[in-house]
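The values are calculated or read from the model by the stated rules, or taken from the named source; none is laboratory data. As the structure is a computational prediction, the values presented were derived from the model and not from experiment. FYI the Cβ positions are ideal-geometry reconstructions off the backbone, even for glycines, and counts take in every protein chain you see. Surface areas here come from the heavy atoms of the whole protein model, side chains and all, with no ligands, DNA or RNA. Shrake-Rupley method; radii C 1.70, N 1.55, O 1.52, S 1.80 Å.
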Amino acid sequence: MQGNKRPKVSIVIPTYNERDNLEELFERISRAMDGEGYEFEIIVVDDDSPDETWKKAMELAGRYPVKVIRRTDEKGLSSAVIRGFREASGDVFVVMDADLQHPPEKIPELVRAIENGADVAIASRYVPGGGVENWYWYRKLISKGAIMIGRLALPRIRGVKDPVSGFFALSREVVENVELNPIGFKILMEILIKGNYRKVVEVPFKFGLRKAGESKLGGKTILSYIKHVYRLMRWSGELDRLVKFSIVGLSGILVNEGFLWLFVHLGLSKYVANVPATELAILNNFLWNDLWTFRDLRTAPLWRRLLSFHIAALMGALVQWAIYVPLVYLGLHYLIANLIGIGVSFIIRFLFNRNVTWG
């Protein structure tokens, strides 16, 4: 934002079968924005709703500054938001749903955060003061699980408490000349990975009850989210990094298994032999990960990286040992038991190293 000029705000609302919510939604947006003196426009991008949401929006355009885009040959939330961005004339873009679970009264607060220096302002359910109303336990579990997966898989968003929020504001520059994926599921996550920004602010809000229409949460939605995270991992290079870490890990398995076999045949106990074999594998893995997998992320001193890598390895080893010992005790061959333990501890070690050792 430049000078003291108030920004023009473009409010992008993707819709599908939200006809019954529009009048209240537009009225509340108008009161909130007029009360703060903002110039604004409402851009409704409707995917040819059977309930003729687009038609209702056109009728209301006589009373409110509404632009209606009716799409008959394309569907999807992300592509609708991207289309809205292309049609927007404002300095600040706001994205929200039409179901009234996103309170329009929060829009000025989001815009003020942009005016005060934020590039992205997120209406967040998971910062102090935020929350959800009357969700079933499984809905909360799905939401928290989705956020955990995203933050672990995509380190750039690990500091954001609610990267899957559908209610947020951003300056136009964040998405200018940025190629967003129209088949993505959570458009905010896409923007946070690909966008041009420095500062993100989260504004608490209460996620309300749906007034009309139907929730879009379902099995296909969850699957789409997982596919989206996978695509963003590929785009950001995190998937390549995981593959490299896996290759290094395979070399470590050979070192571990080979020395375990050697030490056992030299007379050490099957339980004791696992300790030096594991340490040799740790040193092997650190060397190759430092030179190859995380070469571009080497900012901490060598001794600190090595210490942190050992902590990660210790965490993984504890898991590995907790699996190895009972399986050997139950009669499973010690090499197979060791292999199972390594596999289970792999994901723990990768996440710790990506976010801490070379974070």
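Around residue 227, under 14 Å between beta carbons, what's the net of Lys plus Arg minus Asp minus Glu among the other residues? Spell out each step's value before the answer.
Details: positive: 186, 220, 231, 234; negative: 190.
With Lys, Arg at +1 and Asp, Glu at -1, the neighbours total +3.
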Taking the chain as a Gaussian network, where each spring joins two C-alpha atoms under 10 Å apart, which residue of 253, 187, 122 fluctuates the most? 253
Please calculate how many Å² of accessible area the chain carries per residue, with a 1.4 Å probe and no DNA, RNA or ligand atoms counted. 49 Å²
On each of the three principal axes of the Cα atoms of the chain, give max minus min coordinate, whole Å, ordered largest first. 88, 44, 38
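Counting Lys and Arg as +1 and Asp and Glu as -1, what is the net charge of the other residues whose Cβ lies under 15 Å from the Cβ of residue 298? Present the calculation step by step, with values, prior to reporting the outcome.
On the way: positive: 241, 244, 295, 304, 305, 354; negative: 290, 296.
Net local charge, residue 298 excluded: +4.
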Once neighbouring chains are kept in place and the probe is 1.4 Å, which whole percent of the accessible area of the stretch 222-334 is contributed by carbon and sulfur? 73 percent
Taking the Cα centre of the stretch 59-173 as the origin and placing charges on Cβ (Lys, Arg +1; Asp, Glu -1), which of 152, 122, 104 is farthest toward the positive end of the dipole? 152
Counting only DSSP beta bridges with both residues in the chain, what percent are antiparallel, rounded to the nearest 5? 25 percent
Please check: in the Gaussian network model of the chain (C-alpha springs, under 10 Å), which one of 322, 277, 121 has the largest mean-square fluctuation. 322
Placing unit charges on C-beta atoms (Lys and Arg positive, Asp and Glu negative, everything else neutral), compute the dipole magnitude of the chain about its Cα centre in debye, rounded to 20. 1040 debye
Once phi is turned into ³J(HN,Hα) by the Karplus curve 6.51 cos²θ - 1.76 cosθ + 1.60 with θ = phi - 60°, what whole-Hz value does each residue of the stretch 344-355 show in order, with x for glycine and proline? 5, 7, 4, 5, 4, 5, 5, 5, 5, 5, 5, 9
Between rounded, prolate and oblate, where does the stretch 60-194 land on the alpha carbon gyration tensor, with a ≥ b ≥ c its root eigenvalues, rounded for a/c under 1.5, else prolate if a/b exceeds b/c? rounded
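For every other residue with a beta carbon closer than 9 angstrom to the beta carbon of residue 8, add +1 if it is Lys or Arg and -1 if Asp or Glu, then tell me the sum.
Around residue 8, the charge tally is -2.
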If you fit an axis through the alpha-carbon atoms of helix 302-329 and take the longest principal axis of the Cα set of the chain, what angle between them do you get, 0 to 90°, nearest 10? 70 degrees
Simple spin-label estimate for residue 36/residue 199, 7 Å along Cα→Cβ, in nm, reads 1.6 nm
Candidates 29, 142, 11: whichever shows maximal mean-square fluctuation once the chain is modelled as a Gaussian network with Cα springs under 10 Å: 142
Within the accessible area of the stretch 1-155, what % is carbon and sulfur when the probe is 1.4 Å and the other protein chains stay in place? 47 percent
Taking Cα pairs under 8 Å and at least six residues apart, what relative contact order does the stretch 166-318 come out at, in percent? 17 percent
Asserting the computed 222 nm helical MRE of the chain (DSSP H runs at least 4 long, -39500 (n - 2.57) per run, divided by residue count, to nearest 500) equals -16500 deg cm²/dmol
In terms of Cα to Cα distance under 13 Å, which aspartates and glutamates are near enough to residue 67, apart from those fewer than 8 places away along the same chain? 41, 46, 59, 87
Reachable lysines from residue 186, criterion Cα separation under 21 angstrom, eight or more residues apart if same chain: 75, 106, 140, 144, 161, 194, 199, 206, 216, 220, 227
